[in-house]
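For reference, the structure is listed below as C-alpha cells.
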Amino acid sequence: MRLNRLSRVPRRLATQLVALVVLALDVWVLSDARARADAGRDVVATFGPLTLVSPAQWFIACVLLWVFFFPLYLVARRA
C-alpha cells in the first residue's frame, strides 16, 4: 500500500507548520496595514457594530479568527 507524503509527516509537526504560516500571515497583515495607513490608504471593513480600521485591530482580529478575518482583509485592501 502506497502512503501519501503527508502521512509520513508527524501530525504535530504539520500542526506547528500551519500555525507558523498563519502567524507569518498575521504579521504580514500588520505590516501591510501599517504601510497603507502611513500612505493614507487605511484598510477599513465594517460589518454590524464592528469596524476594523487600525493595523492593530486587523492584527488582533486575524490572530483570534484567522479563517474569517484574513480573507476579509484581502477583500478590504482591494476596495
### Task
Answer with a single label: of (1) 92, 40, 10; (2) 55, 33, 16; (3) 56, 26, 19, which was calculated as Cα extents along the principal axes in Å from the structure in view?
(3)
### Message
Just to be sure I understand the model, the point goes 7 Å from the Cα along the line to the Cβ. What's the resulting T46 to S31 distance in nm?
### Response
3.1
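What does the charge dipole of the stretch 9-78 about its Cα centre add up to, to the nearest 20 debye, if the Cβ of each Lys and Arg holds +1 and the Cβ of each Asp and Glu holds -1? List each step's numbers first, then the result.
On the way: 7 positive and 4 negative charges, 37 e Å.
That gives the stretch 9-78 a dipole magnitude of about 180 debye.
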## Note on the structure
Which of A45, A19, A33 fluctuates most in a GNM of the chain (C-alpha springs under 10 Å)? That residue is A19
### Message
Suppose each label sits 7 Å from its Cα in the direction of the beta carbon; what would the R78-L20 distance come out to in nanometres?
### Response
3.0
### Query
Of L50, V29, A79, which is farthest along the charge dipole of the chain in the positive direction, counting Lys and Arg as +1 and Asp and Glu as -1 at C-beta?
V29
### Task
Could you go through the stretch 63-79 in sequence order and give the Karplus-derived ³J(HN,Hα) for each residue, using 6.51 cos²θ - 1.76 cosθ + 1.60 with θ = phi - 60°, rounded to whole Hz, and x for Gly and Pro?
5, 6, 9, 4, 4, 9, 7, 5, x, 4, 4, 4, 5, 5, 6, 7, 6
### Task
Return the distance in nm (one decimal) between the two label points of a simple spin-label model at A56 and F68, each offset 7 Å from Cα along Cα→Cβ.
2.2
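Each value in this text was obtained by applying a stated rule to the coordinates, not by laboratory testing. Fair warning: this is a prediction, and the values are worked out from it, not measured in the lab. Cβ atoms come from the backbone with ideal geometry, glycine included; neighbour counts cover every protein chain shown.
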